[in-house]
Amino acid sequence: LLARAISSHGSVQPSDHRVSLSALSIPTFSGLKSAAPRASTSRRRLPTRSTRNHQVRSAAVETIGTAAETSLVEKSVNTIRFLAIDAVEKANSGHPGLPMGCAPMGHILYDEVMRYNPKNPYWFNRDRFVLSAGHGCMLQYALLHLAGYDSVREDDLKNFRQWESRTPGHPENFETPGVEVTTGPLGQGIANAVGLALAEKHLAARFNKPDNEIIDHYTYVILGDGCQMEGIANEACSLAGHWGLGKLIAFYDDNHISIDGDTEIAFTESVDKRFEGLGWHVIWVKNGNTGYDEIRAAIKEAKAVKDKPTLIKVTTTIGYGSPNKANSYSVHGSALGAKEVDATRKNLGWPYEPFHVPEDVKGHWSRHVPQGAALEAEWNAKFSAYEKNYKEEAAELKSIITGELPAGWEKALPTYTPESPADATRNLSQQNLNA
(Lines give C-alpha, C1' and ligand atoms only; values in the text may rest on other atoms or scores of the structure.)
Protein backbone atom coordinates (compact mmCIF):
# COMPACT_ATOMS: atom_id res chain seq x y z
CA LEU A 1 0.00 0.00 0.00
CA LEU A 2 2.73 2.47 0.96
CA ALA A 3 4.90 1.66 -2.02
CA ARG A 4 1.97 2.08 -4.39
CA ALA A 5 0.93 5.36 -2.76
CA ILE A 6 4.42 6.75 -2.97
CA SER A 7 5.12 5.72 -6.55
CA SER A 8 1.80 7.08 -7.79
CA HIS A 9 3.07 10.56 -7.03
CA GLY A 10 6.26 9.92 -8.94
CA SER A 11 8.31 10.55 -5.81
CA VAL A 12 10.41 7.62 -4.63
CA GLN A 13 11.34 5.00 -7.17
CA PRO A 14 14.14 2.80 -5.76
CA SER A 15 12.84 -0.05 -3.65
CA ASP A 16 15.38 0.61 -0.88
CA HIS A 17 13.50 3.82 0.00
CA ARG A 18 10.19 2.07 0.58
CA VAL A 19 8.99 1.70 4.13
CA SER A 20 6.99 -1.00 5.80
CA LEU A 21 3.75 -0.55 7.65
CA SER A 22 5.73 -0.46 10.87
CA ALA A 23 6.87 3.03 9.87
CA LEU A 24 3.39 4.28 10.66
CA SER A 25 3.97 3.67 14.35
CA ILE A 26 7.21 5.63 14.70
CA PRO A 27 7.17 8.94 16.61
CA THR A 28 6.30 11.67 14.15
CA PHE A 29 8.01 14.97 13.57
CA SER A 30 6.26 16.65 10.73
CA GLY A 31 6.51 20.38 11.10
CA LEU A 32 5.55 23.50 12.97
CA LYS A 33 1.83 22.90 13.44
CA SER A 34 -0.72 20.10 13.39
CA ALA A 35 -3.93 20.19 11.44
CA ALA A 36 -7.06 20.66 13.49
CA PRO A 37 -9.80 18.10 12.72
CA ARG A 38 -12.57 19.46 11.52
CA ALA A 39 -17.96 21.94 -23.59
CA SER A 40 -15.41 23.93 -25.32
CA THR A 41 -15.66 27.61 -26.28
CA SER A 42 -13.56 29.26 -28.96
CA ARG A 43 -11.03 31.86 -27.92
CA ARG A 44 -10.16 35.00 -29.84
CA ARG A 45 -6.43 35.19 -30.47
CA LEU A 46 -4.87 38.61 -30.48
CA PRO A 47 -2.81 39.13 -33.63
CA THR A 48 0.03 40.97 -31.95
CA ARG A 49 0.51 38.05 -29.57
CA SER A 50 0.02 35.21 -32.00
CA THR A 51 2.51 36.54 -34.52
CA ARG A 52 5.35 36.86 -32.04
CA ASN A 53 8.27 34.48 -32.36
CA HIS A 54 7.91 32.19 -29.34
CA GLN A 55 10.56 29.63 -28.54
CA VAL A 56 8.46 26.62 -27.71
CA ARG A 57 10.02 23.61 -26.08
CA SER A 58 8.13 20.37 -25.93
CA ALA A 59 8.62 17.12 -24.07
CA ALA A 60 7.44 13.61 -24.75
CA VAL A 61 3.82 13.25 -23.72
CA GLU A 62 3.99 11.13 -20.62
CA THR A 63 1.92 11.32 -17.48
CA ILE A 64 3.42 12.04 -14.09
CA GLY A 65 2.30 9.55 -11.51
CA THR A 66 -1.03 7.88 -12.16
CA ALA A 67 -3.55 9.84 -14.21
CA ALA A 68 -7.21 8.98 -14.26
CA GLU A 69 -9.08 8.21 -17.46
CA THR A 70 -9.61 11.35 -19.52
CA SER A 71 -13.38 11.27 -19.01
CA LEU A 72 -12.94 11.25 -15.23
CA VAL A 73 -10.31 14.00 -15.45
CA GLU A 74 -12.74 16.16 -17.42
CA LYS A 75 -15.47 15.45 -14.88
CA SER A 76 -13.10 16.36 -12.06
CA VAL A 77 -12.04 19.55 -13.82
CA ASN A 78 -15.66 20.56 -14.28
CA THR A 79 -16.30 19.82 -10.60
CA ILE A 80 -13.61 22.37 -9.75
CA ARG A 81 -15.14 24.88 -12.14
CA PHE A 82 -18.65 24.56 -10.78
CA LEU A 83 -17.62 24.61 -7.12
CA ALA A 84 -16.05 27.98 -7.92
CA ILE A 85 -19.05 29.16 -9.96
CA ASP A 86 -21.53 28.11 -7.25
CA ALA A 87 -19.56 29.68 -4.38
CA VAL A 88 -19.15 33.00 -6.18
CA GLU A 89 -22.80 32.95 -7.21
CA LYS A 90 -23.99 32.31 -3.66
CA ALA A 91 -21.80 35.11 -2.32
CA ASN A 92 -22.71 37.32 -5.30
CA SER A 93 -19.07 38.37 -5.18
CA GLY A 94 -15.76 36.99 -6.32
CA HIS A 95 -13.71 36.02 -9.34
CA PRO A 96 -14.99 32.94 -11.18
CA GLY A 97 -13.03 33.44 -14.40
CA LEU A 98 -9.61 32.27 -13.22
CA PRO A 99 -10.81 29.04 -11.56
CA MET A 100 -12.79 28.17 -14.70
CA GLY A 101 -9.73 28.68 -16.88
CA CYS A 102 -7.09 27.24 -14.54
CA ALA A 103 -9.05 24.16 -13.40
CA PRO A 104 -7.07 21.78 -15.70
CA MET A 105 -3.64 22.80 -14.41
CA GLY A 106 -4.97 22.93 -10.85
CA HIS A 107 -6.37 19.42 -11.15
CA ILE A 108 -3.12 17.98 -12.53
CA LEU A 109 -1.05 19.67 -9.83
CA TYR A 110 -3.14 18.59 -6.84
CA ASP A 111 -4.28 15.22 -8.15
CA GLU A 112 -1.24 13.89 -10.02
CA VAL A 113 1.89 15.82 -9.12
CA MET A 114 2.06 17.42 -5.70
CA ARG A 115 3.10 15.58 -2.55
CA TYR A 116 1.09 16.58 0.54
CA ASN A 117 -0.89 15.19 3.44
CA PRO A 118 -4.45 16.61 3.66
CA LYS A 119 -4.77 15.60 7.32
CA ASN A 120 -1.55 17.39 8.27
CA PRO A 121 -1.14 20.52 6.13
CA TYR A 122 2.05 21.34 8.06
CA TRP A 123 4.00 18.18 7.23
CA PHE A 124 7.39 19.71 6.62
CA ASN A 125 8.55 18.10 3.38
CA ARG A 126 5.29 18.74 1.53
CA ASP A 127 5.32 20.47 -1.84
CA ARG A 128 4.31 24.12 -1.59
CA PHE A 129 1.64 25.76 -3.73
CA VAL A 130 1.16 29.53 -3.98
CA LEU A 131 -1.77 31.12 -5.78
CA SER A 132 -0.13 34.42 -6.63
CA ALA A 133 -3.28 35.47 -8.50
CA GLY A 134 -5.07 35.34 -5.16
CA HIS A 135 -8.32 36.83 -6.45
CA GLY A 136 -9.02 33.42 -8.02
CA CYS A 137 -8.92 31.75 -4.60
CA MET A 138 -11.96 29.56 -5.25
CA LEU A 139 -9.65 27.47 -7.42
CA GLN A 140 -7.54 26.62 -4.40
CA TYR A 141 -10.49 26.18 -2.06
CA ALA A 142 -12.10 23.72 -4.48
CA LEU A 143 -8.83 21.77 -4.75
CA LEU A 144 -8.33 21.66 -0.97
CA HIS A 145 -11.94 20.49 -0.58
CA LEU A 146 -11.57 17.66 -3.10
CA ALA A 147 -8.22 16.59 -1.65
CA GLY A 148 -9.74 16.09 1.80
CA TYR A 149 -8.47 19.05 3.82
CA ASP A 150 -10.62 19.55 6.93
CA SER A 151 -10.25 23.32 6.61
CA VAL A 152 -12.42 23.52 3.48
CA ARG A 153 -15.60 21.49 3.79
CA GLU A 154 -18.85 21.98 1.91
CA ASP A 155 -20.16 24.48 4.44
CA ASP A 156 -16.96 26.48 4.07
CA LEU A 157 -17.47 26.65 0.32
CA LYS A 158 -21.03 27.85 0.91
CA ASN A 159 -19.69 30.55 3.25
CA PHE A 160 -17.23 31.92 0.70
CA ARG A 161 -16.33 35.58 1.39
CA GLN A 162 -18.55 35.73 4.50
CA TRP A 163 -17.54 37.20 7.85
CA GLU A 164 -15.35 34.81 9.91
CA SER A 165 -15.35 32.31 7.04
CA ARG A 166 -12.40 29.98 6.47
CA THR A 167 -12.77 30.79 2.78
CA PRO A 168 -12.05 34.52 2.59
CA GLY A 169 -11.98 36.49 -0.65
CA HIS A 170 -8.22 36.05 -0.95
CA PRO A 171 -6.15 33.17 0.48
CA GLU A 172 -5.08 33.76 4.09
CA ASN A 173 -2.53 31.33 5.55
CA PHE A 174 -3.60 32.19 9.12
CA GLU A 175 -7.25 31.36 8.33
CA THR A 176 -7.12 28.27 6.15
CA PRO A 177 -4.71 25.37 6.80
CA GLY A 178 -3.45 24.24 3.42
CA VAL A 179 -2.89 27.80 2.21
CA GLU A 180 0.86 28.45 2.33
CA VAL A 181 0.94 32.18 1.66
CA THR A 182 -1.47 35.07 2.10
CA THR A 183 -1.92 36.55 -1.36
CA GLY A 184 -3.92 39.37 -2.85
CA PRO A 185 -1.59 42.22 -3.75
CA LEU A 186 -0.45 41.23 -7.24
CA GLY A 187 3.17 40.10 -7.43
CA GLN A 188 3.36 39.30 -3.73
CA GLY A 189 2.66 35.60 -4.15
CA ILE A 190 5.35 34.89 -6.74
CA ALA A 191 7.85 36.83 -4.61
CA ASN A 192 6.92 34.69 -1.59
CA ALA A 193 7.24 31.57 -3.71
CA VAL A 194 10.79 32.57 -4.66
CA GLY A 195 11.50 32.80 -0.94
CA LEU A 196 10.01 29.34 -0.29
CA ALA A 197 12.07 27.83 -3.10
CA LEU A 198 15.20 29.56 -1.83
CA ALA A 199 14.56 28.18 1.66
CA GLU A 200 14.27 24.66 0.23
CA LYS A 201 17.54 24.99 -1.68
CA HIS A 202 19.37 26.55 1.27
CA LEU A 203 18.18 23.92 3.76
CA ALA A 204 18.95 21.12 1.30
CA ALA A 205 22.52 22.40 0.85
CA ARG A 206 22.92 22.76 4.60
CA PHE A 207 21.38 19.52 5.86
CA ASN A 208 21.17 16.92 3.08
CA LYS A 209 23.67 14.09 3.20
CA PRO A 210 24.82 11.74 0.42
CA ASP A 211 22.91 8.90 2.07
CA ASN A 212 19.86 10.90 3.19
CA GLU A 213 18.32 13.84 1.34
CA ILE A 214 16.00 14.93 4.09
CA ILE A 215 14.95 18.18 2.34
CA ASP A 216 13.38 17.58 -1.07
CA HIS A 217 10.24 19.38 -2.17
CA TYR A 218 8.99 21.65 -4.96
CA THR A 219 7.32 25.05 -4.96
CA TYR A 220 4.53 25.56 -7.52
CA VAL A 221 2.89 28.89 -8.38
CA ILE A 222 0.01 30.12 -10.51
CA LEU A 223 0.30 33.77 -11.52
CA GLY A 224 -1.53 35.89 -14.04
CA ASP A 225 -1.03 38.97 -16.18
CA GLY A 226 -1.62 41.21 -13.16
CA CYS A 227 1.31 39.65 -11.31
CA GLN A 228 3.47 39.91 -14.41
CA MET A 229 2.86 43.67 -14.54
CA GLU A 230 4.22 44.23 -11.02
CA GLY A 231 7.81 45.31 -10.45
CA ILE A 232 8.25 43.13 -7.38
CA ALA A 233 7.50 40.03 -9.48
CA ASN A 234 10.27 40.89 -11.91
CA GLU A 235 12.76 41.63 -9.13
CA ALA A 236 12.01 38.38 -7.30
CA CYS A 237 12.10 36.33 -10.50
CA SER A 238 15.44 37.90 -11.39
CA LEU A 239 16.83 36.59 -8.12
CA ALA A 240 15.26 33.16 -8.73
CA GLY A 241 17.04 32.94 -12.07
CA HIS A 242 20.31 34.15 -10.57
CA TRP A 243 20.13 31.59 -7.78
CA GLY A 244 19.15 28.78 -10.16
CA LEU A 245 16.10 27.65 -8.17
CA GLY A 246 15.40 24.50 -10.14
CA LYS A 247 12.57 23.38 -7.83
CA LEU A 248 10.50 26.47 -8.51
CA ILE A 249 7.87 25.91 -11.22
CA ALA A 250 5.54 28.79 -12.08
CA PHE A 251 2.42 28.51 -14.23
CA TYR A 252 1.58 31.73 -16.05
CA ASP A 253 -2.16 31.89 -16.71
CA ASP A 254 -1.93 33.50 -20.14
CA ASN A 255 -5.53 34.58 -20.78
CA HIS A 256 -4.99 38.18 -21.93
CA ILE A 257 -7.75 39.56 -19.70
CA SER A 258 -7.53 41.85 -16.67
CA ILE A 259 -10.28 43.50 -14.66
CA ASP A 260 -9.98 46.54 -16.95
CA GLY A 261 -10.43 44.54 -20.14
CA ASP A 262 -8.12 43.13 -22.79
CA THR A 263 -4.46 43.36 -21.76
CA GLU A 264 -3.68 44.83 -25.18
CA ILE A 265 -4.60 48.22 -23.70
CA ALA A 266 -1.64 48.18 -21.31
CA PHE A 267 0.50 45.02 -21.48
CA THR A 268 2.04 43.77 -24.71
CA GLU A 269 5.55 42.68 -23.74
CA SER A 270 6.91 39.22 -24.51
CA VAL A 271 6.82 37.55 -21.11
CA ASP A 272 8.56 34.51 -22.61
CA LYS A 273 11.62 36.47 -23.67
CA ARG A 274 11.76 38.45 -20.43
CA PHE A 275 11.88 35.27 -18.36
CA GLU A 276 14.49 33.74 -20.64
CA GLY A 277 16.52 36.90 -20.04
CA LEU A 278 16.06 36.43 -16.29
CA GLY A 279 17.60 32.98 -16.54
CA TRP A 280 14.44 30.86 -16.47
CA HIS A 281 13.58 27.82 -18.54
CA VAL A 282 10.40 28.68 -20.50
CA ILE A 283 7.76 26.30 -21.89
CA TRP A 284 4.55 27.23 -23.71
CA VAL A 285 1.43 25.08 -23.37
CA LYS A 286 -0.76 26.36 -26.18
CA ASN A 287 -3.95 24.56 -25.11
CA GLY A 288 -4.48 25.05 -21.40
CA ASN A 289 -8.21 24.37 -21.67
CA THR A 290 -8.15 20.69 -22.63
CA GLY A 291 -4.47 19.90 -23.27
CA TYR A 292 -4.00 17.70 -20.22
CA ASP A 293 -1.08 15.78 -21.71
CA GLU A 294 0.58 19.03 -22.76
CA ILE A 295 0.42 20.27 -19.17
CA ARG A 296 1.75 16.95 -17.85
CA ALA A 297 4.60 16.95 -20.36
CA ALA A 298 5.52 20.52 -19.44
CA ILE A 299 5.74 19.62 -15.75
CA LYS A 300 7.87 16.60 -16.56
CA GLU A 301 10.21 18.76 -18.63
CA ALA A 302 10.35 21.41 -15.90
CA LYS A 303 11.36 18.82 -13.30
CA ALA A 304 14.16 17.62 -15.56
CA VAL A 305 15.72 21.10 -15.53
CA LYS A 306 17.71 21.19 -12.30
CA ASP A 307 19.66 24.43 -12.61
CA LYS A 308 16.91 26.90 -13.54
CA PRO A 309 13.42 27.78 -12.38
CA THR A 310 10.76 27.12 -15.00
CA LEU A 311 7.95 29.32 -16.28
CA ILE A 312 5.18 27.32 -17.96
CA LYS A 313 3.06 29.73 -19.97
CA VAL A 314 -0.37 28.12 -20.17
CA THR A 315 -2.71 29.78 -22.66
CA THR A 316 -6.23 29.53 -21.25
CA THR A 317 -9.67 31.00 -21.73
CA ILE A 318 -10.82 33.00 -18.74
CA GLY A 319 -14.31 31.81 -17.75
CA TYR A 320 -13.95 28.69 -19.91
CA GLY A 321 -17.35 27.13 -20.59
CA SER A 322 -19.43 30.28 -20.18
CA PRO A 323 -21.20 30.77 -23.55
CA ASN A 324 -21.56 34.55 -23.29
CA LYS A 325 -18.88 35.73 -20.88
CA ALA A 326 -15.82 33.57 -21.54
CA ASN A 327 -12.76 35.49 -22.77
CA SER A 328 -14.07 38.80 -21.42
CA TYR A 329 -13.39 41.03 -18.43
CA SER A 330 -17.01 40.58 -17.29
CA VAL A 331 -16.16 37.10 -15.96
CA HIS A 332 -13.02 38.30 -14.20
CA GLY A 333 -14.37 39.89 -11.06
CA SER A 334 -18.09 39.29 -10.69
CA ALA A 335 -20.60 36.46 -10.46
CA LEU A 336 -21.88 35.01 -13.71
CA GLY A 337 -25.52 35.59 -12.84
CA ALA A 338 -28.27 32.97 -12.69
CA LYS A 339 -28.98 32.88 -16.43
CA GLU A 340 -25.34 32.51 -17.38
CA VAL A 341 -24.77 29.85 -14.70
CA ASP A 342 -27.62 27.83 -16.23
CA ALA A 343 -26.22 28.38 -19.71
CA THR A 344 -22.78 27.26 -18.56
CA ARG A 345 -24.23 24.13 -16.97
CA LYS A 346 -25.90 23.27 -20.25
CA ASN A 347 -22.81 24.13 -22.29
CA LEU A 348 -20.54 21.87 -20.23
CA GLY A 349 -23.17 19.18 -19.71
CA TRP A 350 -23.30 19.58 -15.93
CA PRO A 351 -26.66 18.33 -14.58
CA TYR A 352 -25.84 18.58 -10.88
CA GLU A 353 -27.15 20.86 -8.16
CA PRO A 354 -24.88 23.59 -6.74
CA PHE A 355 -21.90 22.37 -4.69
CA HIS A 356 -22.45 18.74 -5.69
CA VAL A 357 -19.37 16.54 -6.06
CA PRO A 358 -20.17 13.42 -8.15
CA GLU A 359 -19.46 10.13 -6.37
CA ASP A 360 -16.86 8.94 -8.88
CA VAL A 361 -14.96 12.22 -8.55
CA LYS A 362 -15.20 12.03 -4.76
CA GLY A 363 -13.96 8.44 -4.80
CA HIS A 364 -11.08 9.28 -7.09
CA TRP A 365 -9.84 12.14 -4.90
CA SER A 366 -10.35 10.22 -1.63
CA ARG A 367 -7.09 8.34 -2.16
CA HIS A 368 -5.09 11.43 -1.25
CA VAL A 369 -5.78 10.97 2.46
CA PRO A 370 -4.12 7.52 2.77
CA GLN A 371 -1.47 8.44 0.22
CA GLY A 372 -0.63 11.62 2.12
CA ALA A 373 -0.32 9.67 5.36
CA ALA A 374 2.00 7.21 3.59
CA LEU A 375 4.19 9.99 2.23
CA GLU A 376 4.50 11.55 5.65
CA ALA A 377 5.24 8.17 7.25
CA GLU A 378 7.98 7.60 4.70
CA TRP A 379 9.55 10.96 5.54
CA ASN A 380 9.24 10.34 9.29
CA ALA A 381 11.13 7.08 8.86
CA LYS A 382 13.72 8.92 6.81
CA PHE A 383 14.07 11.58 9.50
CA SER A 384 14.44 8.95 12.23
CA ALA A 385 17.35 7.43 10.31
CA TYR A 386 18.80 10.92 9.78
CA GLU A 387 18.51 11.68 13.50
CA LYS A 388 20.43 8.51 14.43
CA ASN A 389 23.31 9.26 12.08
CA TYR A 390 23.43 13.06 12.30
CA LYS A 391 22.27 14.06 15.77
CA GLU A 392 23.56 17.63 15.80
CA GLU A 393 22.22 18.44 12.35
CA ALA A 394 18.85 16.87 13.17
CA ALA A 395 18.54 18.92 16.35
CA GLU A 396 19.43 22.09 14.47
CA LEU A 397 16.94 21.33 11.70
CA LYS A 398 14.22 20.67 14.29
CA SER A 399 14.97 24.03 15.87
CA ILE A 400 14.67 25.78 12.51
CA ILE A 401 11.39 24.06 11.63
CA THR A 402 9.73 24.65 15.00
CA GLY A 403 11.15 28.14 15.50
CA GLU A 404 12.54 27.23 18.91
CA LEU A 405 15.74 29.16 19.50
CA PRO A 406 18.64 27.27 21.11
CA ALA A 407 19.43 27.88 24.77
CA GLY A 408 21.59 30.94 25.29
CA TRP A 409 20.88 32.37 21.86
CA GLU A 410 20.87 35.92 23.17
CA LYS A 411 24.49 35.56 24.33
CA ALA A 412 25.58 35.26 20.70
CA LEU A 413 24.33 38.76 19.89
CA PRO A 414 26.98 41.49 19.63
CA THR A 415 27.03 44.20 22.30
CA TYR A 416 27.61 47.90 21.89
CA THR A 417 28.44 50.78 24.23
CA PRO A 418 28.31 54.54 23.79
CA GLU A 419 32.04 54.33 23.20
CA SER A 420 31.71 51.84 20.33
CA PRO A 421 33.13 53.27 17.11
CA ALA A 422 30.60 54.70 14.70
CA ASP A 423 29.61 52.39 11.89
CA ALA A 424 27.08 52.27 9.06
CA THR A 425 23.74 50.81 10.07
CA ARG A 426 24.01 48.27 7.23
CA ASN A 427 27.17 46.90 8.85
CA LEU A 428 25.56 46.78 12.29
CA SER A 429 22.59 44.94 10.82
CA GLN A 430 24.94 42.47 9.13
CA GLN A 431 26.71 41.78 12.40
CA ASN A 432 23.44 40.94 14.13
CA LEU A 433 22.17 38.77 11.28
CA ASN A 434 25.42 36.81 11.19
CA ALA A 435 25.37 36.33 14.97
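The values are calculated or read from the model by the stated rules, or taken from the named source; none is laboratory data. From a predicted model like this one, the values you see are computed outputs, not experimental measurements. Cβ atoms come from the backbone with ideal geometry, glycine included; neighbour counts cover every protein chain shown. In case anyone asks, the SASA skips ligands and DNA or RNA and just uses the protein heavy atoms, side chains included. Shrake-Rupley method; radii C 1.70, N 1.55, O 1.52, S 1.80 Å.
Numbers for the structure displayed
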quantity	calculated
Under 29 Å from the Cα of residue 398 - lysines, other chains or at least 8 residues apart	33, 119, 201, 209, 247, 303, 306, 308, 382, 388, 411
Rounded to 5, percent antiparallel among DSSP beta bridges of segment 76-377	10
Accessible area expressed per residue, segment 111-165, with surrounding protein chains retained (probe 1.4 Å, Å²)	27
Inter-part distance where segment 173-205 and segment 208-269 are each reduced to a Cα centre, Å	11
Whole-number accessible area per residue in Å² for segment 227-283, which is evaluated in the context of all protein chains at 1.4 Å	37
Surface share of carbon and sulfur [accessible, 1.4 angstrom probe, percent] for segment 251-365	52
Compactness relative to 2.2 N^0.38 Å, alpha carbon Rg of segment 257-363	1.36
Packing rank of 391-402, 169-180, 74-85, 93-104, where each peptide gets the mean count of other beta carbons within 10 Å, highest leading	93-104, 74-85, 169-180, 391-402
Mean Cβ neighbour count within 10 Å, used as a protection proxy, ranking 319-331, 275-287 highest first	319-331, 275-287
Accessible area in the full protein assembly, largest first, 1.4 Å probe, for 384, 71	71, 384
Scattering profile of segment 76-377 at q = 0.14 Å⁻¹ [log10 I(q)/I(0), Debye over alpha-carbon scatterers]	-1.02
